[in-house]
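Visitor: Structure in structure tokens, see below.
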Amino acid sequence: MIGPEDVGGVHVKYLYHCRRQLWLYARGMRPEQLSATVQLGEAVHETSYTRSSPVDLGAAKLDHLDGAAWVHEVKSSSRPSRADEAQAMHYCYRLRAVGVDAQGGILHYPKTRRTKRLPYTTQAAEQAEADIAEVLAVVSAPDSPPLLARSACRGCSYADYCWNE
Amino acid sequence: MPTAARTYWLTTSCRIRRKDQSLRIERPEGAPVHIPVTDVRDIVACEAVDLNTSVISLLNQHRINVHFLSHYGDYAGSLLTADTSVSGQTVIAQVGLAADQTASLEIARAIVASTAVNVRRVVDRRLLNRPMAVLEASIADATTREQLMGAEGTFRRSAWAVLDTRLPDWLRLDGRSRRPPRNAGNAFISYVNGIIYARMLSAIRLTPLHTGVAFLHSTMERQRHSLVLDLAEVFKPLFAERLLLRLAGRGQLKPAHFETDVNQAMLSETGRKLIVQTVRDELAVTIQHRSLGRNVAYDELLYLEALQLTRRCLEGTPYKPFRIWW
Ligand code: SF4
């Protein structure tokens, strides 16, 4: 079973998207490696932000940290989701933990040419900490969380697993 | 399997070399072919292939498996990348289920029953009515997997006998024989089954399941990947028996597709090419999936089957093995 230090951005993202997805991910389900959506995501990286440098924080991997200590995340979806925001705050939390004075997150949506700035506040820090505890609670539960409504599953790379009969 | 990269089928013997991020495939005749490694999902080698360390490390980096079929079409082995999706927690659940007599017998029963339904669907519904009734009774009575295998064997023998009545003399099976296949019909079935085995291995490796822990076949005995044997079972009729009947019916299979000796047979080079092409095309055929509400390729059905068993292991959802529904 994973510990607090193993919780990464993907766990936090899935926590907000769907708890069932998080539970399955922790058990080795990796359909996203195959999905066309993910391949699209990689193509976005290659073409739009070639000069940014990825930063590896062990469990957390973020796209780019600029000189003013803002975390940049490039998203292939067209609008911000709570999952994206929570993920960016998680990275700030991790950076602070290793002594980098992260200021907040900037989410980039190349599809719609939008960006969203999220300053890292005390409240965000508390939430990031609570998210980690929540991830661990979901992952260690013996039973799988219920499926979302079918319409909410559209586009989820776990749909083949969840809805296959 | 849902991805943009493709499966490459090598039907003539060749050497694979590495050229930067490409595979350079050299054949005795003709110019070498370059394939960017990112275009490759996996490779099925139907003929002898030479490869070296630098190729293997490139394949490893890109998680590409290579499956080797022997001359007889037996599955000879695979070059599997070290990196798999196997997950400790899932394997623990899988092993728990396999060790639980009642649960594993239930899965084994389901596999035998669905396989028989598929055989009957493909070969002949009416003539296999009685053998099917007998099988259903034996499945209900069976308390060990050996008994289940025995019952399946009995049903299969009836099915092969019926199959023979629909084949020209020279393609008849006269009973199933492997290693080596005794005649052309057996050589055909072995070869197709070998391909399906390799595809199933690839499919299971995309899930967190362990390929060695099985329910119908004995776990890790003789066969390293015994779970592959379990899951491939239900798909064999869809490909092997069905395509044999189709190619024979259309007169597409010819004695020249086989090299036949007194007591053994194998595919000739043209025969191998014909069959590989036929199975490839068939794997790409799509049908509307009942619960997913989209078109899936036959190839993807193998992956969905492995996902269904994963769900059985992780969540206890009843496992209903694949039955031809169209
Ligand atoms: S398919 Fe639906 S229920 Fe399953 S993980 Fe995705 S969002 Fe959750």
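The values are calculated or read from the model by the stated rules, or taken from the named source; none is laboratory data. None of these values were measured; they are calculated from a predicted model. Note: ideal-geometry Cβ built from the backbone for every residue, glycine included; neighbour counts use all protein chains shown. What goes into the accessible areas is simple: the full protein's heavy atoms, side chains included, and nothing from ligands, DNA or RNA. Shrake-Rupley method; radii C 1.70, N 1.55, O 1.52, S 1.80 Å.
Visitor: So is B:Asp164 away from chain A (no Cβ under 14 Å) and at pLDDT 90 or above or not? First the steps, then the outcome.
Guide: On the way: away from chain A (no Cβ under 14 Å): yes; at pLDDT 90 or above: yes.
The answer is yes for B:Asp164.
Visitor: Now, a different point. Could you run through the range A:119-165 and say how many residues are more than 10 Å from chain B (Cβ to nearest Cβ), closer than 15 Å to A:His17 by Cα and of a type in the set (Ser, Thr, Tyr)?
Guide: Qualifying residue count, the range A:119-165: 1.
Visitor: Scan the range A:110-164 for residues that are in a loop (DSSP other than H, G, I, E, B), open to solvent by 80 Å² or more (accessible area, probe 1.4 Å), within 13 Å of the ligand (Cβ to nearest atom) and modelled with pLDDT under 90 and jot them down.
Guide: The first filter runs over the range A:110-164 and keeps only residues in a loop (DSSP other than H, G, I, E, B), leaving A:110-113, A:120-121, A:141-149, A:154-158, A:164.
Retained after the next criterion (residues that are open to solvent by 80 Å² or more (accessible area, probe 1.4 Å)): A:111, A:113, A:142-143, A:146, A:154.
From what's left, within 13 Å of the ligand (Cβ to nearest atom): A:146, A:154.
The answer is A:Arg154, and nothing else.
Visitor: Scan the range A:153-165 for residues that are touching a His at 6+ places or on another chain (Cβ under 9 Å) and in contact (Cβ under 8 Å) with a residue 60 or more places away in the chain and jot them down.
Guide: The answer is A:Cys156, and nothing else.
Visitor: Looking at (1) open to solvent by 20 Å² or more (accessible area, probe 1.4 Å); (2) acidic (Asp, Glu); (3) within 14 Å of chain A (Cβ to nearest Cβ), which is the only condition B:Asp42 fails?
Guide: Only one criterion in (1) open to solvent by 20 Å² or more (accessible area, probe 1.4 Å); (2) acidic (Asp, Glu); (3) within 14 Å of chain A (Cβ to nearest Cβ) is unmet by B:Asp42, namely (1).
Visitor: Of (1) under 21 Å from the mean Cα position of the chain (by Cα); (2) open to solvent by 30 Å² or more (accessible area, probe 1.4 Å); (3) farther than 30 Å from B:Thr7 by Cβ, B:Phe155 satisfies all except one. Which?
Guide: The one condition B:Phe155 does not meet is (2).
Visitor: Still on this model: Determine which single condition A:Gly99 fails, assuming it passes every other condition in (1) within 16 Å of the ligand (Cβ to nearest atom); (2) part of a loop (DSSP other than H, G, I, E, B); (3) exposed (fewer than 13 other Cβ atoms within 10 Å of the Cβ); (4) of a type in the set (Gly, Ala, Ser).
Guide: Status for A:Gly99: all satisfied but (1).
Visitor: Still on this structure, please answer the following. State whether one or more residues within the range B:270-287 are over 23 Å from B:Thr7 (Cα atoms) and open to solvent by less than 40 Å² (accessible area, probe 1.4 Å).
Guide: Residues of the range B:270-287 over 23 Å from B:Thr7 (Cα atoms): none.
The answer is no; no qualifying residue exists.
Visitor: I would also like to ask the following. (1) away from chain A (no Cβ under 14 Å); (2) over 27 Å from B:Ser104 (Cβ atoms); (3) open to solvent by 30 Å² or more (accessible area, probe 1.4 Å); (4) touching a helix residue (DSSP H, G or I) at 6+ places or on another chain (Cβ under 9 Å): which one isn't true of B:Gly293, the others all being true?
Guide: Answer for B:Gly293: the failing condition is (1).
Visitor: Determine whether the range B:252-261 contains at least one residue that is part of a loop (DSSP other than H, G, I, E, B), under 26 Å from B:Thr11 (Cβ atoms) and open to solvent by less than 20 Å² (accessible area, probe 1.4 Å). Talk me through it step by step, then tell me what you get.
Guide: Residues of the range B:252-261 part of a loop (DSSP other than H, G, I, E, B): B:252-254, B:261.
Filter once more, so that each one left must be under 26 Å from B:Thr11 (Cβ atoms): B:252-254, B:261.
From what is left, the residues that are open to solvent by less than 20 Å² (accessible area, probe 1.4 Å) are B:253.
Yes: one or more hits.
Visitor: Now a separate question. Going by what's in this entry, would B:His71 be described as at pLDDT below 85 and closer than 18 Å to B:Thr12 by Cα?
Guide: The answer is yes for B:His71.
Visitor: What single numbered condition from (1) more than 14 Å from chain A (Cβ to nearest Cβ); (2) touching a helix residue (DSSP H, G or I) at 6+ places or on another chain (Cβ under 9 Å); (3) under 22 Å from B:Leu209 (Cβ atoms) fails to hold for B:Glu47?
Guide: Every listed condition holds for B:Glu47 apart from (3).
Visitor: What number of residues within the range B:131-165 are in contact with a helix residue (DSSP H, G or I) (Cβ under 6 Å, 6 or more places away or on another chain) and closer than 20 Å to B:Leu253 by Cα? Spell out the reasoning first.
Guide: Of the residues in the range B:131-165, the ones in contact with a helix residue (DSSP H, G or I) (Cβ under 6 Å, 6 or more places away or on another chain) are B:131-132, B:135, B:138-139, B:142, B:145, B:148, B:151-152, B:155, B:158-159, B:162-163.
Checking which are closer than 20 Å to B:Leu253 by Cα leaves us with B:162-163.
Looking only at that region, the number is 2.
Visitor: Let me ask something else about it. From A:Ser77, A:Ser48, which residue is at pLDDT below 90, touching a Pro at 6+ places or on another chain (Cβ under 6 Å) and over 30 Å from B:Leu209 (Cβ atoms)?
Guide: On the way: A:Ser77 fails: touching a Pro at 6+ places or on another chain (Cβ under 6 Å).
Of the residues listed, the single one that is at pLDDT below 90, touching a Pro at 6+ places or on another chain (Cβ under 6 Å) and over 30 Å from B:Leu209 (Cβ atoms) is A:Ser48.
Visitor: Does B:Tyr298 fit the bill of being within 14 Å of chain A (Cβ to nearest Cβ) and hydroxyl-bearing (Ser, Thr, Tyr)? Full working, then the answer.
Guide: Values: within 14 Å of chain A (Cβ to nearest Cβ): no; hydroxyl-bearing (Ser, Thr, Tyr): yes.
No: the conditions fail for B:Tyr298.
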